[in-house]
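J.: Structure below; questions to follow.
The values are calculated or read from the model by the stated rules, or taken from the named source; none is laboratory data. Predicted model only: the values in this text are computed from it and were never measured. We place every Cβ from the backbone using ideal geometry, glycine too, and count neighbours over all the protein chains shown. Accessible surface is based on the protein model in full, side chains and every heavy atom, while ligands, DNA and RNA are left aside. Shrake-Rupley method; radii C 1.70, N 1.55, O 1.52, S 1.80 Å.
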Amino acid sequence: MQANSGDFPALKLYPLNDSFVPKQIVLADRRPVRVGRQMDATTIPSERNGYFESKTLSRRHAEIWEEDGRIWIKDVRSSNGTYLNGVRLSPEGVESAPFELTTGDQLEFGIDIFGADGETVIHRKAVARVKSILTEGNLYDFGQPQ
């Protein structure tokens with residue numbers, strides 16, 4: 001199978017809850033990919049973009065990009081936060097510094113919102129295991145990172 005150079009670098013996100021389908025987001029030309037909540041017909045979530053159907057994400061929540069063979073993320077003043085391996089990247093409403101993403105990291109967008117009973121989740125955060133695809137060599141490795 002011949003790889004298309006447009007398929008990498010990329011970031012694969014494997015869901016750790018039932019909030020979305022697996023995603024492979026291509027990171028081209030060092031341009032940041034927006035992560036956020038669906039706003040209208042132009043931001044419908046798919047397995048190839050950074051949009052999610054979750055009310056716990058801000059419309060403009062985070063940005064992901066590749067630079068010099070590494071994949072980066074920053075929170076762009078979201079309300080409910082971006083978490084990398086359980087650590088919030090910045091306080092509410094504050095843009096974070098860039099953080100490197102590597103295969104095996106756990107990434108969370110937003111928080112679970114509970115109902116009045118304190119137990120029922122009414123809005124689910126997006127939680128994923130990360131896989132970095134930086135070369136053609138790991139493009140076709142479809143196994144989920146541990």
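J.: Over the chain, with every protein chain in place, what whole percent of the accessible area is carbon and sulfur at 1.4 Å, could you tell me?
T.: 48 percent
J.: Give the longest segment of the chain that steers clear of chymotrypsin sites (Phe, Trp or Tyr not before Pro) in DSSP loops with at most 12 neighbouring Cβ atoms within 10 Å, not counting the sites themselves.
T.: 1-139
J.: May I pose another question? Using modelled amide H (1.01 Å from N, peptide plane; none on Pro or chain starts), what sits under 5 Å from the amide H of K125, excluding residues fewer than 5 places away?
T.: For K125, the qualifying residues are D112, I113.
J.: Given points 7 Å out from each Cα along the Cα-Cβ axis, report the R88 to D7 separation in nanometres with one decimal.
T.: Here the answer is 3.9 nm between the modelled labels.
J.: If you don't mind, another one. State, as an integer percentage, the relative contact order of the chain based on alpha-carbon contacts under 8 Å between residues 6 or more apart.
T.: So the answer I get is 24 percent.
J.: Okay, next question. What does the accessible area per residue of the chain come to in Å², with a 1.4 Å probe and no ligands, DNA or RNA counted?
T.: 53 Å²
J.: Further, regarding this structure: Simple spin-label model, 7 Å along Cα-to-Cβ: E100 to V121 in nm?
T.: According to this spin-label approximation, the distance is 3.1 nm.
J.: When you take every Cα atom in the range 21-129, what is the radius of gyration, and what is Dmax, the widest Cα pair distance, in Å?
T.: Here Rg and the maximum Cα pair distance are 13.7, 48 Å.
J.: Return the distance in nm (one decimal) between the two label points of a simple spin-label model at R60 and T135, each offset 7 Å from Cα along Cα→Cβ.
T.: Going from the R60 label point to the T135 one covers 3.7 nm.
J.: Could you give me the ³J(HN,Hα) list for the range 106-117, computed from phi with Karplus coefficients 6.51, -1.76, 1.60 and θ = phi - 60°, whole Hz, x at Gly and Pro?
T.: Karplus-based 3J(HN,Hα) across the range 106-117 equals 9, 10, 10, 10, x, 9, 6, 9, 9, x, 4, 6 Hz.
J.: In the range 1-64, which GluC sites (Glu not before Pro) are in a loop and have at most 14 other Cβ atoms within 10 Å, using DSSP for the loop call?
T.: Numbers: sites: E47, E53, E63; in loops: E47, E53.
Filter output for the range 1-64: E47, E53.
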